[in-house]
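The values are calculated or read from the model by the stated rules, or taken from the named source; none is laboratory data. Model, not experiment: these values are computed from the prediction. Glycine also receives a Cβ, built like all others from the backbone with ideal geometry; neighbour counts cover every protein chain displayed. Just the protein is used for accessible areas: all its heavy atoms, side chains included, with ligands, DNA and RNA removed. Shrake-Rupley method; radii C 1.70, N 1.55, O 1.52, S 1.80 Å.
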Amino acid sequence: MAHELFHEISPKEMTDNLFAAFGDEWALLTAGTEKKANMMTIGWATAGILWKRPIVTVFVRPHRYTYQFMEKSLRFSVAFLEKRHRGTLNFCGSTSGKDRDKVKDSGLTLLHEEGVPYFAESRLVLFCRKIYLHDIDPKNFLDPTIEENYPAKDYHRMYVGHIEKVFTKR
C-alpha cells in the first residue's frame with residue numbers, strides 16, 4: 001500500500017523520459033532492510049521490457065558499499081528525487097556509507113514499502129525484485145572505447161530488476 005505521500009501506478013503509466021531522468025537528473029539506488037539500508041547515486045541504467053516483464057537494469061561496482069546491500073537483498077528501489085535535492089544526489093554519489101551513516105547524514109526521510117527502502121523526498125520510485133545478475137566482461141566490448149570507463153578495471157555487476165510497483169508523488 002502506498003505511503004500517504006504517494007500514489008501507486010503501473011509501470012506502463014509512467015510518463016517520465018527515463019533517458020533524461022537517468023542521464024541528467026540521476027537517481028538513488030537503495031537496498032537493505034528496515035534496520036540497515038544504503039543508497040548510491042546512479043546515472044547509468046536501462047529500462048524496458050525483458051522476458052515479458054517491465055524491468056530496470058542497474059550497475060554497481062563491487063567496491064561500492066551499496067554492492068553488499070544489493071548482494072544480500074532480493075529487492076531494491078530506484079528513486080528519482082525532486083530537483084531541489086541535486087546537492088543530496090551529489091552527496092550520495094561521493095560519500096561512502098562505510099564511513100558514515102549516509103542515510104541519516106543525507107537529510108532524507110527513509111521509508112519502507114514491504115521492507116524495501118526508499119525516500120519520502122522522491123517524486124518517482126521503482127520497486128524492483130532482482131531476477132538476473134551478470135558481471136561485465138571486458139572481453140565482450142565490441143566498441144573498444146567503452147574500456148575508457150574502466151581505468152581501474154573495476155567492472156560493474158549488472159542487476160536486472162523486475163519493476164513490481166511504481167510510486168509517484170501525489
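Summary table
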| quantity | calculated |
| --- | --- |
| Extreme residue, surrounded by the fewest Cβ atoms within 10 Å (Cβ to Cβ), among residues of segment 126-145 that are in a strand (DSSP E or B) and of a type in the set (Phe, Trp, Tyr) | 132 |
| Condition check for residue 168: β-branched (Val, Ile, Thr) and either in contact with a helix residue (DSSP H, G or I) (Cβ under 6 Å, 6 or more places away or on another chain) or more than 28 Å from residue 9 (Cβ to Cβ) (or both) | no |
| Residue in segment 79-94 that is more than 22 Å from residue 18 (Cα to Cα), at pLDDT below 95, touching a Leu at 6+ places or on another chain (Cβ under 8 Å) and among the aliphatic types (A, V, I, L, M) present | no |
| Tally, over segment 146-170, of residues that are in contact with a Pro (Cβ under 7 Å, 6 or more places away or on another chain) and part of a helix (DSSP H, G or I) | 1 |
| First in segment 19-31 and modelled with pLDDT of 90 or more and of a type in the set (Val, Ile, Thr), second anywhere and surrounded by 19 or more Cβ atoms within 10 Å (Cβ to Cβ) and not in a helix (DSSP H, G or I), Cβ under 7 Å, 6 or more apart | 30/37; 30/39; 30/76; 30/77; 30/79; 30/117; 30/118 |
| In segment 21-37, the residues that are open to solvent by less than 30 Å² (accessible area, probe 1.4 Å) and on the phi < 0 side of the Ramachandran plot | 21, 22, 27, 28, 29, 30, 31, 37 |
| Filtered residues of segment 74-112 (kept if assigned to a loop (DSSP other than H, G, I, E, B) and in contact with a strand residue (DSSP E or B) (Cβ under 7 Å, 6 or more places away or on another chain)) | 74, 82, 97, 108, 109 |
| Looking only at segment 38-72, and only at residues there that are within 13 Å of the chain's Cα centre (by Cα) and polar (S, T, N, Q), the one that is surrounded by the fewest Cβ atoms within 10 Å (Cβ to Cβ) | 46 |
| Selection count where residues are in contact (Cβ under 8 Å) with a residue 60 or more places away in the chain, of a type outside the set (S, T, N, Q) and closer than 23 Å to residue 102 by Cα, scope segment 117-153 | 8 |
| Segment 32-46, subset without any contact (Cβ under 8 Å) to a residue 60 or more places away in the chain and not in a loop (DSSP other than H, G, I, E, B), residue nearest to residue 71 (Cα to Cα) | 40 |
